[in-house]
Amino acid sequence: MQSRCARSRIVLVSLLAAGLGLSSAAFADDHVRGVIAGRGSDGTVMVQTDDSQTIFVVLADATKVRRIDGTRSIRMSSASLMPGLRVDVEGRYDGENHFIAERVNFKRADLKIAMAVQSGISATEERSLANEQRIEQHTQTLRQHGATLDQYGQLIETQRGQIAANADKVVATTGALEAANARIAALDDYNVISSVTVYFPNGKASIAPKYKTQLRQLAEQAKGVEGYLVQVRAFASAVGSSALNQQLSLQRADAVTAVLHHSGVNPTRVVVPAAMGTTEQVASNNTAKGQAENRRAIVTLLQNKGVAAK
């Protein structure tokens, strides 16, 4: 009797063991363990497994995502499955490297690490973008500077041409000045009858009314002088370029000569107007008063000594 009961217990235990083994085999799930390497636009999660395989995990609406905090399990959104997060995925394979996920578990500590990694990547990406923007700005600035330098180069070439042209004018004016000086030196044979000094505004050749009156009076006086000549010498203050001052003195000499002509002095009686430039400065150019004294034209009425001796 006891032997029969013992045999019955052995059969029952064997059946239970077989049943448990069958149940375990029937309900066994596959696992994928590794780190999320990226997420696809189709909802898949790419996992780099611990044995260096790449598995594409498919997330369905029924997939349960859980965060494990010690003994607690907290439901999470699939959005928490970020690159860098270590996960344990339960489910089944659907092909060689595709895995249908039924449950995705991860630890709270691993989530913190992944979030810190993502924060660092975001900051790096922002810095990289800022650096790219600064590089582009610097490139544009360099292009602008290059264009400006080209403009300066063209301007310098233009100014060089103008300087060369002005130099030629100075040479020509110097020759005329030397000829005028020679003619003036020949005036030693003349006596000075009267003289008028005309002063000019800065940078101008206009004649004030009072000086026009004095020039007309000299022209009227010349009509009563036999064998007369009128000498005109115009000057500029030594402020500014020599070429400009030379031209300005010529304009002043011409302006004075024009008043004399209109006042009845025959052009043949006027010694060729002399543009004296900045020669014969009578005052310092360090003061406004001195400069004003240098901006002048000297008009002299002369009579031939031979005629005067008759």
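Just so you know, all these numbers are worked out from the coordinates, no wet-lab data involved. Quick caveat: nothing in here was measured; it's all calculated off a predicted structure. Note that we place each Cβ from the backbone using ideal geometry, even for glycine, and neighbour counts take in every protein chain shown.
Could you calculate the FRET efficiency of D30 with T71 from 1/(1 + (r/R0)^6), where r is the beta carbon distance between them and R0 is 25 Å, rounded to 0.05? Walk me through the intermediate numbers first.
Numbers: r = 25 Å, r/R0 = 1.00.
Efficiency for this residue pair is about 0.50.
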| task | Largest first and to the nearest Å, give the Cα extent of region 77-123 along each principal axis. | result | 38, 19, 15
| said: Based on C-alpha coordinates, I'd like the Rg and Dmax of region 176-308, in Å. | reply: 14.5, 45
| task | Hey, can you grab everything whose amide H is under 5 Å from the amide H of K107? Only 5+ residues off in sequence or another chain; H modelled, so Pro and N-termini drop out. | result | I68
| Which distance in nm do the two modelled labels at I113 and V272 give, with both placed 7 Å along the Cα-to-Cβ direction? | 10.2 nm
| note | HN-Hα couplings for region 239-256 via Karplus (6.51, -1.76, 1.60; θ = phi - 60°), in whole Hz with x for Gly/Pro, come out as 10, x, 6, 5, 4, 5, 5, 4, 5, 5, 5, 5, 4, 5, 4, 5, 5, 5
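Rank by packing, highest mean first: peptides 281-292, 69-80, 39-50, with packing defined as the count of other Cβ atoms within 10 Å averaged across residues. If you can, show how the numbers build up before the last one.
Details: 281-292: 12.6, 69-80: 10.3, 39-50: 15.3.
Result, highest mean first: 39-50, 281-292, 69-80.
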